[in-house]
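Reviewing the structure listed below.
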Amino acid sequence: MTQIFNFSAGPAVLPKEVLQQAAAEMLDWHGSGMSVMEMSHRGPEFISIYKQAEADLRELLAVPANYKILFMQGGGLGQNAIIPMNMLGCCPQPGTIDFVHTGSWSGKSIKEAKRYANANVAASAEANGFTSIPPQDTWRLTPGAAYLHICTNETIDGLEFNFVPQVDARTPIVADMSSHILSRSIDVSKYGVIFAGAQKNIGPAGLTLAIVRDDLLNEALNICPSAFHWKTVAEHESMFNTPPTYSIYIAGLVFAWLKRNGGVAAMEQRNIEKARLLYAALDADDFYQNRVAPEYRSRMNVPFYLRDESLNEQFLAGAKARGLLQLKGHKSVGGMRASIYNAMPIEGVQALVDYLNEFAGR
Ligand code: PMP
């Protein structure tokens, strides 16, 4: 059978070992006689799964003790509303949020925030077609803004921050890391809030992580639903209401897999190598094109275009025949996109590179 490599942007490939372990434990978790899906979230079995997942994630990202890790629902887009509702309660209304618009996902965050606040676009890459991040000295930040929101990896446009913005110490940075969390080392203490939907580098859809500095667990706006009030969620150790238990379990298996494989630092080295291989093939001549400025090219999501777009369907059909799946670009930008998350082995990237070379007739 042809080996399959899945380049989906999310939900996305998971480590095979994790899926095998989940399959082996599906009917009977550790002699409990129950599937994890069937367990009470308040029972000792699930509490042990949850506590281990939390501890492993804390260790992997070196999350300082003054940050809470919240296991929530609602996805990245849910957080676009949950964040303003949680962070604007303490300022005079309406508060102001600064944004850097670097692509589709920060764009959606801006749109949603306008329902709750003044959304100031401090800088935008729209004019250059989201191909580079505006230099920080051109950003027009608002003194006294409630926070600065950035999307550190734009999944559709393929742009990734390679720096942490320098801001006034009183302005928390809120970072949407949905599509590159755990793919590179980060200094959590530089951020006020980090959030991520799980379905790319963490586990199944349905789980959303929010890592929130303690002093930001403020009184939220009155309209904030209790189940999305960070302070309430934190006080109940993510069990104010039923959390997405099975997604947390799989995320925990992924965290353990990461730890067995050298943690985030080792992943980062692998990801650098995978991205280098793929961009080198795309850059070899003008048959393919990635339009992002090299210093901001994403290591996780690699959009590209064929010079002759009439060959798109043929390219995708040939890829599928070789077991290279889900390479079609996002409908809003067209072209192709290869997502090469942590669980994509280097062999998968090599197989794609071989196909790129063959298709281009090199
Ligand atoms: N932010 C980023 C960077 C994303 O890639 C996505 C999903 N692709 C979202 C937010 C939205 O996530 P969700 O669909 O889980 O709401």
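The values are calculated or read from the model by the stated rules, or taken from the named source; none is laboratory data. Everything numeric in this text was worked out from a predicted model, so none of it was measured. Every residue, glycine among them, receives a Cβ derived from its backbone with ideal geometry; neighbour counts consider all protein chains shown. Just so you know, the surface numbers come from the protein's heavy atoms only, side chains and all, with ligands and any DNA or RNA stripped out. Shrake-Rupley method; radii C 1.70, N 1.55, O 1.52, S 1.80 Å.
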So, of the residues in segment 71-96 that are among the hydrophobic types (A, V, I, L, M, F, W, C) and crowded, with 20+ Cβ neighbours inside 10 Å, which turns out to be farthest from L258 (Cα to Cα)? L88
Within segment 262-318, which residues are aromatic (F, W, Y) and more than 17 Å from the chain's Cα centre (by Cα)? Y279, F287, Y288, F304, Y305, F315
Failed criterion for A265 (all others in (1) away from the ligand (no atom under 15 Å from the Cβ); (2) of a type in the set (A, V, I, L, M); (3) in a loop (DSSP other than H, G, I, E, B); (4) open to solvent by 20 Å² or more (accessible area, probe 1.4 Å) hold): (3)
Is it fair to say E347 is more than 23 Å from T131 (Cβ to Cβ) and of a type outside the set (S, T, Y)? yes
Residue check: is A317 in a helix (DSSP H, G or I), aliphatic (A, V, I, L, M) and within 20 Å of I133 (Cβ to Cβ)? no
Those residues of segment 27-67 that are hydroxyl-bearing (S, T, Y) and surrounded by 13 or more Cβ atoms within 10 Å (Cβ to Cβ) come to a total of 4
Of those in segment 157-179 that are open to solvent by 10 Å² or more (accessible area, probe 1.4 Å) and within 11 Å of the ligand (Cβ to nearest atom), the residue nearest to A125 (Cα to Cα) is D157
Residue count for segment 192-208, restricted to those that are within 11 Å of the ligand (Cβ to nearest atom) and assigned to a strand (DSSP E or B): 4
Are there any pairs, at least 6 apart or on different chains, whose C-beta atoms fall under 7 Å, with the first in segment 57-75 and assigned to a loop (DSSP other than H, G, I, E, B) and the second among the hydroxyl-bearing types (S, T, Y) and buried (at least 17 other Cβ atoms within 10 Å of the Cβ), and if so, which? Q73/T208; G74/T208
Cβ-Cβ below 7 Å, separation at least six or inter-chain, first residue in segment 213-230 and under 14 Å from G74 (Cβ atoms), second buried (at least 20 other Cβ atoms within 10 Å of the Cβ) and not hydrophobic (A, V, I, L, M, F, W, C): which pairs? C224/N86; H229/N86; W230/N86
Candidates R337, R276, R299 - the one that is among the charged types (D, E, K, R), in a loop (DSSP other than H, G, I, E, B) and within 30 Å of G107 (Cα to Cα): R299
One residue from E273, E295, E235 being in the same structural domain as N80 (by TED's automatic domain parsing), out of contact with any strand residue (DSSP E or B) (no Cβ under 9 Å at 6 or more places or on another chain) and of a type in the set (D, E): E235
Can you name the residue in segment 97-130 that is open to solvent by 30 Å² or more (accessible area, probe 1.4 Å), under 23 Å from N290 (Cβ atoms) and outside any strand (DSSP E or B) and is also nearest to the ligand (Cβ to nearest atom) among such residues? W105
Out of the residues in segment 320-334 that are touching a residue at least 24 places away in the same chain (Cβ under 8 Å) and part of a strand (DSSP E or B), state the one that is least open to solvent (accessible area, probe 1.4 Å). L324
